[in-house]
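> Handing you a structure now.
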Amino acid sequence: MATFKRSGKKEMPEIGTSSDIVFMFLFFFMVTTQMRENEVKVSIKLPEASEVAKLERKDLAAYINVGSPTISYQSKFGTDARIQLNDSFKTVDDIRDFIAAQRDAMSEADRQFMTVSIKADENVRMGIVTDIKQELRRCSALKIMYNARKQE
């Protein structure tokens, strides 16, 4: 019977550690990264709408929430309708700086596709919404979308 002999020393093949490290980093960042969502600090009951359009790219939208503060913020800010830009209450005069900051965060090619989404409570006075629209016109943010509930 023949016996098998190993001739010479065979080395173990090298393990590609760079791809393993890249995969571990990718997995780590996928698990730990969260998409930033703004905390809504105003109560909003959206009015009904006859037509509904969906945003194509939500990353190109700036959100303005208008309504009375939630119960946890009423002791500090009262019950009158307030404007929320990102995570803080602001005035109409702050909208120009907000839009400029949102545009600066976008690439040059995407700035023309920026949409401002206004979420206003159905009981908010129209004067506040009109003031917001006038300020958006002054800073050339002309693509405006109003959020509403779809009629059932």
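> Does I118 qualify as being assigned to a strand (DSSP E or B), surrounded by 12 or more Cβ atoms within 10 Å (Cβ to Cβ) and touching a residue at least 12 places away in the same chain (Cβ under 8 Å)? I'd like the intermediate steps shown before the answer.
Values: assigned to a strand (DSSP E or B): yes; surrounded by 12 or more Cβ atoms within 10 Å (Cβ to Cβ): yes; touching a residue at least 12 places away in the same chain (Cβ under 8 Å): yes.
So I118 passes the test.
> So, in segment 25-78, of the ones that are of a type in the set (S, T, Y) and surrounded by 10 or more Cβ atoms within 10 Å (Cβ to Cβ), which residue ends up nearest to D94 (Cα to Cα)?
Residue satisfying both the conditions and the ranking: Y63.
> Restricting attention to segment 104-115, which residues are touching a helix residue (DSSP H, G or I) at 6+ places or on another chain (Cβ under 8 Å) and either of a type outside the set (F, W, Y) or not in a helix (DSSP H, G or I) (or both)?
Matches in segment 104-115: M106, D110, R111, M114, T115.
> Kindly provide the set of residues from segment 121-148 that are over 20 Å from the mean Cα position of the chain (by Cα), buried (at least 16 other Cβ atoms within 10 Å of the Cβ) and either touching a residue at least 40 places away in the same chain (Cβ under 8 Å) or part of a strand (DSSP E or B) (or both), ordered by number.
Those that are over 20 Å from the mean Cα position of the chain (by Cα), buried (at least 16 other Cβ atoms within 10 Å of the Cβ) and either touching a residue at least 40 places away in the same chain (Cβ under 8 Å) or part of a strand (DSSP E or B) (or both): V124, I128, V129, E135.
> Further question: Would a scan of segment 51-69 turn up a residue that is hydroxyl-bearing (S, T, Y) and in a strand (DSSP E or B)?
Yes, segment 51-69 contains at least one residue that is hydroxyl-bearing (S, T, Y) and in a strand (DSSP E or B).
Bear in mind that the values in this text are calculations on the coordinates, not laboratory data. All values derive from a computational prediction rather than experimental measurement. Note: ideal-geometry Cβ built from the backbone for every residue, glycine included; neighbour counts use all protein chains shown.
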